[in-house]
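Below is one structure, written out as structure tokens; the observations come after it.
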Amino acid sequence: MDVASSDQVKAWCLANGFHPNRALGQNFLVDVGALEGIADAAGVNAGDTVLEIGPGLGVLTECLLARGVHVYAIEKDTRLADRLKANVEAELAARGVAAPGTLTLVAADALKTDWDALFASRPFAACVSNLPYSVGTRILLDIARNPAAPPVLTVLVQTEVAQRFAAVEGEKPRGQAGVWLQLDFDVRIVREVAPTCFWPKPEVGSSVVRLDRHPCSLTPSERAVFYMLTKSAFMHRRKQLGGFLRKQPQFPGALDALAAVDIPPTARAEELSNAQWLALSKNLKG
Ligand code: SAM
């Protein structure tokens, strides 16, 4: 099958009694321009080892393999994993790909993956994935928060979610996920992908986001304070930080810490930059 052809994908589903599962976010990419755009944005090279979450029918996987990339893919749906394993070689040969990379395919739930063990097992140059809508943010945060995560993460997610990842202080979609991702990564929306590029067609638009690791000066204990502080602050995002922190017994001396880093006690969570969250985390005793 040509996995980038919506007609052939539909015919395969019909012939095999396969109904794309909404809960698993099974909207398959069927647009060559969008696929090549994701691979270009990821900037991967032949010989790189790349992590892919949710290869599905394998359309992005095959695009990466055709570029000589070694793909380590984790797919929860065993029917899709079995199909890809059985057909990937023939499908690449049918496209005339002479020197594909290798594929390691694991049928498993990415939410239950032991990332420490996986990242210690081989050096990943990047993660490139069209993430399932429902659990995409959780999977990306699990990966991004791991200190041994790949240095570049390129993911396709719902546009609204992409905007949350990239939002800076004062912007409406600013929230915990963006603050956490921006702790270790520069986050940039690279391009839009229209609903017509998928089958079945999703109801919302999607965007490609690229995250590039940058150094972070927090010690492990300051990092723990950063996560605890931002999590509770965004749970009460409409509250003023001074009043809110004063009532949090886990942060003694919070008002002094706010003053020490020039943050007015009237500020609200979404108004703080990542640099301010960092400074506050360093000054707070967790
Ligand atoms: N990569 C394919 C593409 O671009 O057409 C499929 C992407 S589709 C949006 C998301 C894929 O993630 C599906 O194949 C789905 O079965 C898989 N998936 C959903 N939840 C998962 C999980 N927790 N762990 C691993 N894979 C998952």
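Where a number appears in this text, it was derived from the coordinates with a stated rule and is not lab data. No experiment lies behind these values; they were computed from the predicted model shown. All Cβ positions, glycine included, derive from the backbone under ideal geometry; neighbour counts span all protein chains shown.
Can you show me the helix-derived [θ] at 222 nm for the chain, built from DSSP H runs with n ≥ 4 at -39,500 (n - 2.57) apiece and divided by the number of residues, rounded to the nearest 500. Don't jump to the answer; show the numbers that get you there.
Details: 12 runs with 118 residues, N = 286.
Helix contribution divided over all residues of the chain: -12000 deg cm²/dmol.
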In degrees, nearest 10, the alpha-carbon axis of helix 6-15 is tilted away from the dominant principal axis of the alpha carbons of the chain by 80 degrees
Candidates THR137, THR61, THR266, ranked by Gaussian network fluctuation over the chain, Cα under 10 Å, top entry: THR266
For the chain, find the longest principal axis of its Cα atoms and tell me its angle to the long axis of helix 274-283, 0 to 90°, nearest 10. 50 degrees
With each pseudo-label sitting 7 Å past Cα toward Cβ, what's the ASP2-ASP212 distance in nm, one decimal? 3.5 nm
Label segment 220-283 by shape, choosing from rounded, prolate and oblate, from the square roots a ≥ b ≥ c of the eigenvalues of the Cα gyration tensor; if a/c is under 1.5 it is rounded, and otherwise prolate applies when a/b is larger than b/c, oblate when it is not. rounded
State, as an integer percentage, the relative contact order of the chain based on alpha-carbon contacts under 8 Å between residues 6 or more apart. 15 percent
Multiplying the sequence separation of ARG268 and PHE18 by 0.36 nm and subtracting their Cα-Cα distance, what value in nm do you get? 85.2 nm
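What is the sum of charges, Lys and Arg at +1 and Asp and Glu at -1, for the other residues whose Cβ falls under 14 Å from the Cβ of ALA4?
Working: positive: LYS10, ARG95; negative: ASP2, ASP7, ASP31, GLU36, GLU62, GLU91.
Here the charged neighbours net out to -4.
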Coordinate range along principal axes, alpha carbons of segment 1-105, Å, largest first: 37, 27, 25
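Could you tell me what percent of the DSSP beta bridges with both partners in the chain are antiparallel, to the nearest 5?
Details: 18 of 35 bridges.
Counting DSSP beta bridges with both partners in the chain, the antiparallel share is about 50 percent.
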Any idea how many Lys pairs in the chain come in under 29 angstrom at the alpha carbon, given 8 or more places apart or on separate chains? 25
The rounded separation in angstrom of the Cα centers of segment 202-235 and segment 1-27 is 34 Å
List, largest first, the extents of the alpha carbons of segment 6-213 along their principal axes, each in whole Å. 50, 38, 30
